[in-house]
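Note sheet for the following structure.
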């Protein structure tokens, strides 16, 4: 037995008669028999293995009757009983914030004992004679699977199984009484209306429905709900499948975004055949469905983010090509700073309005705020008073800088109030009137300032802006309504057209701004880590790595994201933090956790991070980023290998060699990588269709190398790699970025192997003399395994679908 292991020996006879359990535990050295199906030839036992000692004495003394028959049906019944038992143990562990992850062995009956092995914190092989994989609720139709979260799938599955138990089978006639009780249908439809929708004339109402049919009926009802709500309001309302919440899309925002797209993309060679878009229709959402429009819009916001050669731009695209475009769009959006945690390629393929407009809004915002930093606009230092610290201006987000700029001019104009937001503080239009009079006095309209009618004032303000040749991102009604997004866009456009800052500012200030961040390598690394952190989906959005990380809170959020449960939140302080020693406490805990994760943090303490030591912060972030990628690979890897930098390099060389090509890399500093040929061959080896070799150069000159590097990045993102490097990183062979690029391609490849393995049909058989199924390895050493091999099962009992029991999931298994 191993340390922290508790064996529970259960005899079927004693379970039926005395209903007693004998619990014994000891601690011995870890044996090499970890993957053997039978630990003891004399008797087999249930095993509970935890990363923490579980208080078995605190658990209810629940007898577990086991069956003597080793049939598959008996196995499932046994699993239900044991799962219920462990569920009670798990609920006790919730107090200790321990997350339960488990898998099992199902063995044979020997000398009257049935062997079952449950593990915590890992997934450990197969059901005897075949494979069995717990991974929540699986749906064979991947598109259908993507429409629901696991929480919702578990909840719906529970209701479907309950309905099937009651009626023996499920038909369309059985669904209305169940669906009418679900949110939000219970406030939108009556039972008779649902019956009319699902039981259409001419359809065979008596046909049996499987779980997928049940989900499709649910989605059909969602669509009808969206239409019904859309007919009753001026704004369009939509249902989001993952959590059944209502999303309202303002038509005014859609009209503004359409106008922006028409303006900036009207000369695009491919899109001009579809432009201008009619804002009064759903043409925008239809045009988004092939993925080209959003890719082009990203390039408008941040030029050269996407290589146009990587975009599929045929008139008619197949599903695979569309999906590539959407994947390229989403990964590129992350690479420019958009938050796309809740957006998937399928959402874009369907043109879901609230998600599409949300993404377009972020892209346009990034475009409009691009100049709001000291590097591009050093004149911003004019906003800093003598008593202010210049570093404070550096730490501000673009939105805050825009407000500071606006208040700077309002103060000069004699406006006494301070604008703190782009909504309530400017709803009356008075601030706009003062601001425009300062920026463009030659076009001033005296009536705008003295008018007592907000509607009239708003109208005069926009007429003033038109005379300045500023694009109208809003209407008078939008000003009165306080539309945050549109007001922000309007003020940003004013700044872009005429910022009113002097070019004769102090030479010392301008020189200081020009010298800021003069280390290009440091600046590139800061950008990479900033974008990576924002892509993790943590609650705090960062604008400057060196300043935003100094209080330690964001570091703790990152650590908790990549190593769940590692942070003791009771001993942390959430911003805003006034006391300096509280910041040091946060940073000290971050450093302590880093050392526990085996990071190289010699002579590093929390005070170094609080003081903004750039070198140490970048070193810490690099190790966090590397650890996160290795953990992702670890969950998909073969158990025979430890994932290291050397192993990733050898894998890449083997993959390229397997295609008959001769390119190899000695290490991640190999200067031959600068031409990009090796990475293009590696991408071809994992997906032969993705690289168009007619577009590849020899990579001799710097221009040719840059063309190849740009193409590599876009092709990798097109496959699904989430990377944040720049073409210069490949041209200069940045060792860290070369490792991350290769590891991302490897992660994509392993995911594909895992998905192909899942989709392979396989029957589950259990025989008394069977042994655990072996692993199989391809020529590159990556485990491929049986049909049900793969990641460990992860389930949180406090999920939104907590009404779904483990037993109902296991009953499903019995029906396979």
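Among the residues of region 316-332, is there at least one that is part of a loop (DSSP other than H, G, I, E, B), without any contact (Cβ under 8 Å) to a residue 24 or more places away in the chain and over 19 Å from residue 365 (Cβ atoms)?
For region 316-332, residues part of a loop (DSSP other than H, G, I, E, B), without any contact (Cβ under 8 Å) to a residue 24 or more places away in the chain and over 19 Å from residue 365 (Cβ atoms): present.
Does region 301-324 contain at least one residue that is within 21 Å of residue 259 (Cβ to Cβ) and either touching a strand residue (DSSP E or B) at 6+ places or on another chain (Cβ under 7 Å) or surrounded by 19 or more Cβ atoms within 10 Å (Cβ to Cβ) (or both)?
yes
Taking into account only those residues within region 534-547 that are in a helix (DSSP H, G or I) and in contact with a helix residue (DSSP H, G or I) (Cβ under 6 Å, 6 or more places away or on another chain), which is surrounded by the fewest Cβ atoms within 10 Å (Cβ to Cβ)?
547
Quick one: which residue in 451, 397 is out of contact with any helix residue (DSSP H, G or I) (no Cβ under 7 Å at 6 or more places or on another chain) and either surrounded by 17 or more Cβ atoms within 10 Å (Cβ to Cβ) or closer than 19 Å to residue 382 by Cα (or both)?
397
Report yes if residue 629 is part of a loop (DSSP other than H, G, I, E, B) and either under 29 Å from the mean Cα position of the chain (by Cα) or more than 30 Å from residue 547 (Cβ to Cβ) (or both), otherwise no.
Criteria not met by residue 629.
In this structure, does residue 698 turn out to be at pLDDT below 95 and over 28 Å from the mean Cα position of the chain (by Cα)?
yes
Are any of the residues in region 303-313 under 22 Å from residue 369 (Cβ atoms), touching a residue at least 40 places away in the same chain (Cβ under 8 Å) and either touching a helix residue (DSSP H, G or I) at 6+ places or on another chain (Cβ under 6 Å) or assigned to a loop (DSSP other than H, G, I, E, B) (or both)?
Looking for residues that are under 22 Å from residue 369 (Cβ atoms), touching a residue at least 40 places away in the same chain (Cβ under 8 Å) and either touching a helix residue (DSSP H, G or I) at 6+ places or on another chain (Cβ under 6 Å) or assigned to a loop (DSSP other than H, G, I, E, B) (or both), one finds at least one in region 303-313, hence yes.
Out of (1) over 19 Å from residue 713 (Cα atoms); (2) in a loop (DSSP other than H, G, I, E, B); (3) touching a residue at least 24 places away in the same chain (Cβ under 8 Å), what's the single condition that is false for residue 256?
Just one mismatch for residue 256, condition (2).
Based on what the data block shows, is residue 148 assigned to a loop (DSSP other than H, G, I, E, B), at pLDDT 65 or above, in contact with a helix residue (DSSP H, G or I) (Cβ under 9 Å, 6 or more places away or on another chain) and crowded, with 20+ Cβ neighbours inside 10 Å?
Yes; evaluated as a whole, the condition is true for this residue.
Condition check: farther than 17 Å from residue 721 by Cα, more than 25 Å from the chain's Cα centre (by Cα) and buried (at least 20 other Cβ atoms within 10 Å of the Cβ). Does residue 256 satisfy that?
yes
Just the residues that are closer than 18 Å to residue 739 by Cβ, assigned to a helix (DSSP H, G or I) and out of contact with any helix residue (DSSP H, G or I) (no Cβ under 8 Å at 6 or more places or on another chain), please, taken from region 636-660.
Scanning region 636-660 gives 646, 647, 650, 653, 654.
So, in region 395-404, of the ones that are in a helix (DSSP H, G or I) and over 17 Å from residue 418 (Cα atoms), which residue ends up farthest from the chain's Cα centre (by Cα)?
395
Among the residues of region 573-584, is any part of a helix (DSSP H, G or I), modelled with pLDDT under 90, out of contact with any strand residue (DSSP E or B) (no Cβ under 9 Å at 6 or more places or on another chain) and over 28 Å from residue 722 (Cα atoms)?
Yes, region 573-584 has at least one match.
Is it the case that residue 663 is under 23 Å from residue 709 (Cα atoms) and either in contact with a strand residue (DSSP E or B) (Cβ under 7 Å, 6 or more places away or on another chain) or in a helix (DSSP H, G or I) (or both)?
Judged against the criteria, residue 663 is not a match.
Matching residues to (1) free of Cβ contacts under 8 Å to residues at least 12 places away in the same chain; (2) farther than 30 Å from residue 550 by Cα; (3) outside any loop (DSSP other than H, G, I, E, B):
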| site | (1), (2), (3) |
| --- | --- |
| 348 | no, yes, yes |
| 354 | no, yes, yes |
| 363 | no, no, yes |
| 393 | no, no, yes |
| 406 | no, no, yes |
| 410 | no, yes, yes |
| 419 | no, no, no |
| 422 | no, no, no |
| 428 | no, yes, no |
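Going residue by residue through region 365-373, is there one that turns out to be assigned to a loop (DSSP other than H, G, I, E, B) and farther than 20 Å from residue 487 by Cβ?
Yes, some residue in region 365-373 is assigned to a loop (DSSP other than H, G, I, E, B) and farther than 20 Å from residue 487 by Cβ.
Among what's in region 277-298 and is part of a loop (DSSP other than H, G, I, E, B) and within 18 Å of residue 309 (Cβ to Cβ), pick the residue that is nearest to the chain's Cα centre (by Cα).
291
The values are calculated or read from the model by the stated rules, or taken from the named source; none is laboratory data. Model, not experiment: these values are computed from the prediction. Neighbour counts run over all protein chains shown; Cβ positions are idealised from the backbone, glycine included.
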